[in-house]
Amino acid sequence: MSDCLFCKIVAGTIPSQKVYEDELILAFKDIHPARPVHVLVVPKKHITSLASATAEDAEVLGRMLVKANEIAVEQGSPGGFRVIINTGEIGQQEVPHLHMHIVGGPDPVGPMLKRI
């Protein structure tokens, strides 16, 4: 998609700090990191969100998850990390291209959700 931010990063028309790349996915540092380790992993193929993923996307989704530990460890979070995939308006997805956040660092990331 010509107007998609992450498609432009994948195409190289918008620069990024790449930390991993293969034929299916690209991983790069978040420009506004919430943790000492904060990497975004995107499929090179445009998939709007996890809600629009199909069985045909199983390989790329699996690759994203399988590479998460390797990326987290290489970026400085060997003791663990959190994977977050925000989906749709309720999930507070900000960029309409499926992406996975890997967050971690030397200290625990805190509770997963705030209690209401």
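Nothing in this text is a laboratory measurement; each read-out follows from the coordinates by a stated rule. For clarity, every value in this text was computed on a predicted model and none was experimentally measured. Using ideal geometry, Cβ is built from the backbone for each residue, glycine included, and neighbour counts are taken over all protein chains shown.
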Does at least one position in the range 99-115 carry a residue that is of a type in the set (Gly, Ala, Ser), over 16 Å from residue 33 (Cβ atoms) and part of a loop (DSSP other than H, G, I, E, B)? no
Residue check for residue 94: acidic (Asp, Glu) and under 21 Å from residue 11 (Cβ atoms): yes
Here are some residues: 96, 36, 15, 78. Which one is in contact with a Gly (Cβ under 6 Å, 6 or more places away or on another chain) and surrounded by fewer than 18 Cβ atoms within 10 Å (Cβ to Cβ)? 36
Within the range 78-88, does at least one residue satisfy the condition of being in contact (Cβ under 8 Å) with a residue 24 or more places away in the chain, among the charged types (D, E, K, R) and part of a loop (DSSP other than H, G, I, E, B)? no
What pairs come up if the first residue lies in the range 35-47 and is in contact (Cβ under 8 Å) with a residue 12 or more places away in the chain, the second is of a type in the set (Ser, Thr, Tyr), and their beta carbons are under 9 Å apart, counting only those six or more places apart or on different chains? 35/77; 36/77; 37/77; 39/20; 40/16; 41/20; 47/54
